[in-house]
Amino acid sequence: MRFFCLLIFLVLFLRQLPAQQPPGRPSIGLTLSGGGAKGLAHIGILKAIDSAGLNIDYITGTSMGSVIGGLYAIGYSADSIEKMARSIDWELLLSNQSTLRSVFMDEKDEYSRYVVELPWVNHRFTLPTGLLEGQELWLKLSELFFPVSHIKNFSQFSIPFKCIATDVGTGDAVVMDNGEIVTAVRSSMAIPSFFTAVKVDNKNLIDGGIVRNFPVQDVKRMGADFVIGSNVSSGLLASDKVRNVIQVLLQVAFFREAEDQRNEVPLCNIYVNYPLDDYNMGSFGQAEDILEAGIRKGKEMYPLFRKLADSLNALYGVTPLRQNRLPEMQKVKISSFELSGLKNTSIEFFINTLNLHTEQWYSAKDISNMIRHAFGTRYYNRILYSLQELPDGTYKIIFDIAENPLTFAKLGLHYDKFSGISAIVNFTSRNFIIQNSRSLVTVNIGDNFRVRGEHLQYIGRHKNVSFAVGAQYDRFNVNTYDLYQTQKAYRETGMYKRQYSTLYARTTFSSDRKFAAGLGFKMEFFDYKPVIAGKMELDGSNRFPTAFTFLKYNVLDKQVFPNRGVKLDVEFAQVLKQHANISLREDGQPVSSEEYAIATHQYPRAALRLEYYSPISDKLTWFGNVQSGINLNSSHNLMNEFSIGGINQLYHNQIIFAGLPEATTYASTVAAVMGGVRYELLSNAYIIGRANVLFTNFLSRSIFFNNPDFFSGYALTFGYNFALGPLEVGAQYSDQLKRVTSYVSLGISF
């Protein structure tokens, strides 16, 4: 109503002055509030503004409003910003991880396994200023703002722009209007306790929403005569609705928001708010729904914006909507570089890892991929870059690097019915013995004890050759199952303590971050002790050396619930002479060596595991799994068979099979094929269906295990990826087990 009164007043006033030139066209300011995920709704208002043909002259924004407003200010249309928002992988963007594809092959298995990672700094383990550094967020912002990376004064953008951050030292608002646009926007959205603070001019900056979430006064100071304010914030929660620690932190961080609202809202000529009470700052999993809510609001506001544009055009002459505002800059020629922040790694290591060459042309994506390669070495916590245009038209790239501390303590939790509950403690140190190395010790403390130590040494200019030595010890209590011929079904009959140890050395060559090949040697030790007597009892030990060669290929996009990619592991080995000391009992009675002769000769073996993931739609992913294990000429050998059962890989020589519990049976030759679909019900919540078949005894049959030649099984589970790691619960059934069994798994196993 206030807007229409003002519009009528302007028209009547100008009609009384027919002989005079109309005054200058009033400038239109746009302010976009912070609000985390809810800020995506601003895009709907931008679409309405574009559709109405309304030119914006100044923009201010805070937090997510600074991201959306900044993109619009540099020249992106509302439609192009919408496409970006719909295509972004928010889960990856708002994590401390980079894509798994950028990580060294030798590092992939350890990447993103632990719930907590604490760096060792100044002789103690410390906490960061926030949970998320967000390397992928930095890179995405750098890509999006690449066309204006050479512009350091934000008033020179297509639409002059300012965003708001907070000085954590003083609590004062900091108006960001010059410097690096990516740094400014990232500072403005650094929600306390969630994102790390950003250091700018010796100030640690955090989210501007703490002091000025809706910076209307700033757009007025820029010269706006008429202000459109888009506010997605719903203010503080009522006391009875603050129910968890996250809400408490956000409530405390934004105490001043209510006062800010009272001061800023009256400065707007058009005020837009949204019905977004069903969402919160972190609702990025519902990004599509928030976008649609914003678009609906934009359609509602469109007639008002159109009337404003028509009125201005009638009074001051037609001003077409400015088109093609985004500067043309697809690639830059980099002629030199500069870097800061290196202490534990050398310039040569960093540049070689980037594979940066001067006097070559690079796009934003090229630079992002180079940085991901460096980040994938695990030596760096954050790699930022800026571009400085030189007099000859080429560019200097300036890297601001924050290295990871050399030592981390890591903690994970895991539970499943087979191995029980456990805490997984890891200590990883780089350059502990020699430069360009990684040493680690991992201990599984719980119902079953496991420990592994390894030293990995990188060699070569591009660190594509490595040498590793290590040892591992596993101790499990394992149920035994026997096939009852009368019922033609497996039944649980006993339990034994299974111990496995290995000492190994291997060398690996990796041509890139996808493929690795190598060879090695290991000494393996098995020991079985009956705990509860079963139909067939093994008691004793076996040890043997093994020479092996292997191939690995891994282009999965992430460690947990991947959406796309392939992972392949192939190993060929020669088991050398065995040293067996094993006694057998059947139904409690010793078995003669003539009846069950145990061989100790050499034999070859091969193992294959292939995983495949492919998205069918935004919510649906198809996946497949192929496994095979072959011990040739080993029907009389013991303690190196392939163990069948379980849905997730947990231990040595396991062939996973949905429908059977872990270690239901054993075979010297086995092949399994699994297919499944995974549907995302909500953000990070899935329904997963699996079906598989398995064949045994097709090359050789063990004399010690009575197996059918064919198995079939199915599983239906619910999966959820949250702070403690992946959770999966459900049921499985096998036609050979002939009963439904439950399945529960939490976290990533040892």
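The values are calculated or read from the model by the stated rules, or taken from the named source; none is laboratory data. This is a predicted model, so every value here is computed, not measured. Reconstructed Cβ throughout: ideal geometry from the backbone, glycine too, with neighbour counts over all protein chains shown. Ligands, DNA and RNA are stripped out before the accessible areas are found, and what is left, the full protein with its side chains, is counted by its heavy atoms. Shrake-Rupley method; radii C 1.70, N 1.55, O 1.52, S 1.80 Å.
Tell me the Rg and the Dmax, in Å, that the Cα atoms of the chain produce.
Taking only Cα atoms of the chain, I get Rg and Dmax of 31.4, 121 Å.
Under a point spin-label approximation (7 Å from Cα along Cα-to-Cβ), what is the Leu304-Phe509 distance to one decimal in nm?
In this crude label model, Leu304 to Phe509 measures out at 6.8 nm.
Starting from the Cα gyration tensor of the stretch 25-152, take the square roots of the eigenvalues, sort them a ≥ b ≥ c, and report rounded, prolate or oblate (rounded when a/c is under 1.5, otherwise prolate if a/b is larger than b/c, else oblate).
Because a/c hits 1.5 or more and a/b exceeds b/c, the stretch 25-152 counts as prolate.
Enter the angle in degrees (range 0 to 90, nearest 10) between the Cα long axis of helix 135-144 and the first principal axis of the Cα atoms of the chain, meaning the one along which they spread out most.
40 degrees
Got a number for carbon plus sulfur as a percent of the stretch 130-184's accessible area, 1.4 Å probe? The partial results should precede the final answer.
Working: 900 of 1740 Å².
The value for the stretch 130-184 is 52 percent carbon and sulfur by accessible area.
For the stretch 645-750, which trypsin sites (Lys or Arg not before Pro) are in a loop by DSSP, counting at most 13 other Cβ atoms within 10 Å? List each step's numbers first, then the result.
Details: sites: Arg678, Arg690, Arg701, Lys738, Arg739; in loops: Arg701, Lys738.
Hits after loop and neighbour filter: Lys738.
Apply 1/(1 + (r/R0)^6) to the Cβ-Cβ distance of Tyr553 and Ala533, taking R0 = 56 Å, and write down the FRET efficiency to the nearest 0.05.
Values: r = 44 Å, r/R0 = 0.79.
Between Tyr553 and Ala533 the formula returns 0.80.
So how do 543-551, 215-223 stack up, highest first, on mean other-Cβ count within 10 Å?
With the highest mean Cβ count within 10 Å placed first, the list reads 215-223, 543-551.
To the nearest Å, what is the center-to-center distance of the stretch 190-230 and the stretch 341-367, using C-alpha atoms only?
33 Å
I need the peptides 438-445, 526-533, 204-211, 369-376 ranked by packing, meaning the mean over residues of other C-beta atoms within 10 angstrom, with the highest value on top.
Values: 438-445: 19.0, 526-533: 16.6, 204-211: 26.1, 369-376: 21.5.
Highest-to-lowest ranking by the protection proxy: 204-211, 369-376, 438-445, 526-533.
For a bin width of 10 Å, list the pair-distance distribution of the stretch 652-717 built from all Cα-Cα distances, rounded to whole %.
Distribution as computed: 19, 44, 23, 10, 3 percent.
Stick to the Cα atoms of the stretch 323-441, pair each with every other, and give me the Kirkwood hydrodynamic radius in Å at one decimal.
Details: mean 1/r = 0.0586 Å⁻¹.
Kirkwood radius, the stretch 323-441: 17.1 Å.
Using a Förster distance of 25 angstrom, determine the FRET efficiency expected from the C-beta separation of Asp89 and Leu716, and round it to 0.05.
Values: r = 27 Å, r/R0 = 1.08.
That pair, Asp89 with Leu716, gives E of 0.40.
Over the Cα atoms of the stretch 619-750, what is the Rg over Rh ratio if Rh follows Kirkwood?
Numbers: Rg = 15.6 Å, Rh = 15.4 Å.
Rounded to two decimals, Rg over Rh is 1.01.
Expressed in whole Å with the largest first, what are the equivalent ellipsoid semi-axes of the stretch 405-468 derived from the C-alpha gyration tensor as the square root of 5 times each eigenvalue? Show your work: numbers first, answer last.
On the way: eigenvalues 171, 29, 15 Å².
Each semi-axis is the square root of five times an eigenvalue, giving 29, 12, 9 Å.
In Å², what does the accessible area per residue of the chain work out to with a 1.4 Å probe?
I get 43 Å² per residue for this part.
Please label the shape of the stretch 139-197 as rounded, prolate or oblate, based on the square roots a ≥ b ≥ c of the eigenvalues of the alpha-carbon gyration tensor (a/c under 1.5 means rounded; beyond that, a/b larger than b/c means prolate, else oblate). It would help to have the intermediate numbers written out before the result.
Working: a/c = 2.90, a/b = 1.48, b/c = 1.97.
It is oblate, given that a/c is not under 1.5 and a/b is not larger than b/c.
Using only the alpha-carbon atoms, how far is helix 78-87 inclined from the longest principal axis of the chain? Give it as 0 to 90 degrees, nearest 10.
10 degrees
Take each of the peptides 278-287, 58-67, average the number of other beta-carbon atoms within 10 Å over its residues, and list them starting from the highest. Numbers along the way, then the final one.
Values: 278-287: 18.1, 58-67: 30.9.
Top of the packing list down: 58-67, 278-287.
In cubic angstrom, how much convex hull volume per residue do the alpha carbon atoms of the stretch 89-234 span?
Cα convex hull per residue, to the nearest whole number: 166 Å³.
In degrees, nearest 10, range 0 to 90: what is the angle between the Cα axis of helix 2-15 and the longest Cα principal axis of the chain?
Long axis of 2-15 versus the principal axis of the chain: about 30 degrees.
For the stretch 375-438, what is Rg from Cα atoms divided by 2.2 N^0.38 Å, rounded to two decimals? Don't jump to the answer; show the numbers that get you there.
Numbers: Rg = 19.9 Å, N = 64, 2.2 N^0.38 = 10.7 Å.
Compared with the compact-globule rule of thumb, the stretch 375-438 sits at 1.86.
Report, in debye and to the nearest 20, how large the dipole of the chain comes out about its Cα centre when Lys and Arg carry +1 and Asp and Glu carry -1 on their Cβ. Provide the component values of the computation, followed by the final result.
Details: 73 positive and 69 negative charges, 70 e Å.
Using Cβ point charges on Lys, Arg, Asp and Glu, the chain gives about 340 debye.
Taking every pair of alpha-carbon atoms in the stretch 80-152, what share in percent sits in each 5 Å bin, from 0 to the bin with the longest distance?
That works out to 3, 12, 16, 19, 19, 14, 9, 6, 2, 0, in percent per bin.
Take the Cα atoms of the stretch 525-568, find their three principal axes, and give me the spread along each one in whole Å, biggest first.
For the stretch 525-568, the Cα spread along each principal axis is 45, 29, 14 Å.
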